[in-house]
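Here the structure is laid out as C-alpha cells; the discussion comes afterwards.
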Amino acid sequence: MAVEPGRNWQRYDTRDRIKRLAIAVLAAATVLSSWLWLDLDLQYVASSPPELLDLAVRMYPPEWAYAPDIVMPLIETIHIAVVGTILAVVLSIPVAFLAARNTTPNRVTYAVGKLIVTVSRSVHTIIWAMLFVVMFGPGAFAGMVAIGVRSIGFVGKLLGEEIEEIAFDQVEAIDATGASTFQVLLYGVIPQIKPALVGISVYRWDINVRGATILGVVGAGGIGVQLFDAVDAFQWSTVALILIAILGIVLLSETVSARARAMVR
Amino acid sequence: MLETIDLRKVYSTGDEAVSGVSTTVEGNEIVAMIGPSGAGKSTFIRCINRLTEPTEGEVRLDGEDLTALADDEMKAARRNIGMVFQEYNLVERLTVMENVLSGRLGYVSNWAALRRNFPPEDVERAYDILETVGLADMENKRADELSGGQRQRVGIARAVVQEPTILLADEPTSSLDPDSSHAVMELLTAIAEERNIPIIINIHEVPLAVEYADRILGLHDGELVFDGPTDDLDKNAKDVIYRGEAIAASTADRDTTSQSGGTDDTERVVDTPSLTGD
C-alpha cells in the first residue's frame, strides 16, 4: 500500500523529543545517585522478617492491664490537639486576611502575612515542641503551643487562599449600604469563607491529634511520653497496647473530621 | 436631588470611561440611562456612590459634594444611596432576612451586627418591604435557594430598607427573563412614586427604558449625547446614542458647543448640534 506523502503527523517534534529524553535521563540519574550516595545495604532487608516476627512475639499479647494508666494521657493528647487548634484558628484568621491579596492593606502587610505562614509551616511540630519545652518546661502546655504555632501557617495559608476566591461583588454590595469595614467583613466576607473555615479547622484538628501522639518524644506531653518510656524499657507488650490505643483515637478523630466537613456547606 | 458636574473617570489603563457628564436628577423621576456596551453607563452610576472613584468633577447629593468626603464620611453618605446590581450581589450564604437587614448596617453597632440584633423597627421595616416585593414568608430561605427574579427583588428590598434619598440600579434586568424584567421595572417605578425618590436605571433594553422611564440619558463613548423626556427619544436620537453618527461630525467643534446644561424640561441635546437638524 502506498503511503500518502506530506500527511505525516507527530505528537512531538525532534527538539521536543530530545528535551523529553534529557529530562528522563536526568530524573533517572537523580534517583540512582541518591541511592549510591546513601550506600544502602540490603542485608538488613534480608534479616528483617525474623526480626519482625521476634518483635511481634514479644508484643503479643498486649499488656491490657496497663490500659487504665493510659486513659488520662490519651485524653490529654486530644485536649492538646483541641486547645492547640483553637489557638491556631483564632490567630490564623488575621494572618489569613494579611496573606490574601484582595484583603491585605498593602505590600508590606502581604509580605508579613506570607512570612508568618512560611515560618510556621517550615518548622516541624517536634522542633517547635523542643523550643517550647525549653521555654515553658516539659509538659502539655509546651505541646499545645507547639501544635498551635505549627498550625497557624497551615490554617492561615488555606484560609487566605479561600479569601482570595470569594465573590467580590457580594462584598461590594454590603459596602454600598454604608456598612463599616468590620461589618463588611462580617456580612460580606465571613459568610463566604465559613464552610472553609470549619472544614480546615476540623481537618487540622484531626492532623493535630496525630501530631500530639508523638510530642512525648521531646517531653511535651500526651500519650507519646508513655510510648517512649515503654520503648526505652523494652516493655514491648505495653508498646503494643499504646499503639492500638493511638490507632483507635486517630480513627476516631478522622471519622469526626470527615463527618463534620460533610455537614457544613 | 442629585447633581453631577463634569463627572469624569479615566481608568489606570488610560481608558476614559466617562468624559465630563453633567446632569441633575430630582423629585421622583425615573431616569433611564441607555447606551451601547462600554459607553460608561456602569462607571457613571458607580462613580455616584464612589464604588468607582471618579477622576474629576463633582457629585452633589442634596447639596453635599460626595467626591470631597473622607472614607468614613462617605460610608455615612452611602446610607442615603440605595444600589441595585445586575447580578443581584446578594450574600449567597445568608438568609433573605439577613440580606435585607444588611441594608441597615450603617445604623447599627458592630456588636449588634455580629449578633444579628437589629432594632425592632428595622425588622418591621424589612418585613414590610419583603411583602411589598412579593417575598412574604421567604425571610428564612437562603439567598442561593431563590430564582433570579426573586433574588433581584431581595436586592431591591436591601436597597429600599436603607430608606435612601436616591436609588441607583445598574442593569437590574439584564440577568432576568422578560417577565421578571417587567416585574422588576414595575417594582422600581412603584417605589419611586411611593417613596418620592428619584431612580437612575442603567439599562440596555431601549423598549424597557421607553416603557418605564420619565426621562432618558443617552451615553455614547463616555459622553452624554442625549438628555431629555422619553417622548423626545426619536430614531435620530437613538442613532446618535448607539452609532454616534452625529458625534463623528461634531467632534471638531465639541469645545465650542460644550454643555448647554439647561434645566428646562424641553429636549436638551448636549454636544450634538446636528441631532435635531438632520
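Report yes if some residue within segment B:149-161 is of a type in the set (Lys, Arg), surrounded by fewer than 22 Cβ atoms within 10 Å (Cβ to Cβ) and not assigned by TED's automatic domain parsing to the domain that holds B:LYS75; otherwise report no.
Looking for residues that are of a type in the set (Lys, Arg), surrounded by fewer than 22 Cβ atoms within 10 Å (Cβ to Cβ) and not assigned by TED's automatic domain parsing to the domain that holds B:LYS75, one finds none in segment B:149-161, hence no.
From the list A:GLU76, A:GLU51, pick out the single residue that is closer than 24 Å to A:ASP229 by Cβ, in a helix (DSSP H, G or I) and touching a helix residue (DSSP H, G or I) at 6+ places or on another chain (Cβ under 6 Å).
Step by step, each of A:GLU76, A:GLU51 is checked, and only A:GLU76 is closer than 24 Å to A:ASP229 by Cβ, in a helix (DSSP H, G or I) and touching a helix residue (DSSP H, G or I) at 6+ places or on another chain (Cβ under 6 Å).
If you take the residues of segment A:151-174 that are of a type outside the set (Val, Ile, Thr) and buried (at least 21 other Cβ atoms within 10 Å of the Cβ), which of them is nearest to the chain's Cα centre (by Cα)? So that I can check it myself, show each step before the final result.
Narrowing segment A:151-174 to residues of a type outside the set (Val, Ile, Thr): A:151, A:153-154, A:156-162, A:164-165, A:167-170, A:172-173.
From what's left, buried (at least 21 other Cβ atoms within 10 Å of the Cβ): A:151, A:153, A:156-157, A:159-160, A:170, A:173.
Numbers: A:SER151: 8, A:GLY153: 10, A:GLY156: 13, A:LYS157: 12, A:LEU159: 14, A:GLY160: 16, A:GLN170: 32, A:ALA173: 37 Å.
Only one residue fits best here, namely A:SER151.
For B:ALA136, are the conditions met, namely being more than 7 Å from chain A (Cβ to nearest Cβ) and either free of Cβ contacts under 8 Å to residues at least 40 places away in the same chain or of a type in the set (Ser, Thr, Tyr) (or both)?
Yes.
Could you grab me the full set of residues in segment A:175-195 that are closer than 21 Å to B:ALA76 by Cα, of a type outside the set (Val, Ile, Thr) and at the interface with another protein chain (Cβ under 8 Å from one of its Cβ atoms)?
Selection gives A:ASP175, A:ALA176, A:GLY178, A:ALA179, A:SER180, A:PHE182, A:GLN183, A:LEU186, A:TYR187, A:GLY188.
Test A:VAL198 against the stated conditions and say whether it is surrounded by fewer than 18 Cβ atoms within 10 Å (Cβ to Cβ), more than 8 Å from every other protein chain (Cβ to nearest Cβ), within 22 Å of the chain's Cα centre (by Cα) and in contact (Cβ under 8 Å) with a residue 12 or more places away in the chain. Even if it seems obvious, please write down each step before you answer.
On the way: surrounded by fewer than 18 Cβ atoms within 10 Å (Cβ to Cβ): yes; more than 8 Å from every other protein chain (Cβ to nearest Cβ): yes; within 22 Å of the chain's Cα centre (by Cα): yes; in contact (Cβ under 8 Å) with a residue 12 or more places away in the chain: yes.
When the stated conditions are applied, A:VAL198 passes them.
Quick one: would you say A:GLY178 is of a type outside the set (Val, Ile, Thr), on the phi > 0 side of the Ramachandran plot and either modelled with pLDDT of 95 or more or surrounded by 21 or more Cβ atoms within 10 Å (Cβ to Cβ) (or both)?
When the stated conditions are applied, A:GLY178 passes them.
Residues B:ALA32, B:ALA39: which one is out of contact with any helix residue (DSSP H, G or I) (no Cβ under 6 Å at 6 or more places or on another chain), farther than 12 Å from B:GLU3 by Cα and crowded, with 24+ Cβ neighbours inside 10 Å?
B:ALA39
Please list, ordered by residue number, the helices (runs of 4 or more DSSP H) wholly in segment B:19-102 having 1 or more residues that are within 14 Å of another protein chain (Cβ to nearest Cβ) and more than 14 Å from the chain's Cα centre (by Cα).
In segment B:19-102, the matching helices (runs of 4 or more DSSP H) lie at B:71-78, B:96-101.
The values are calculated or read from the model by the stated rules, or taken from the named source; none is laboratory data. If you're wondering where the values come from, they're calculated on a predicted model, not measured in any experiment. For neighbour counting, all protein chains shown are included, and Cβ atoms are generated from backbone atoms with ideal geometry for every residue, glycine included.
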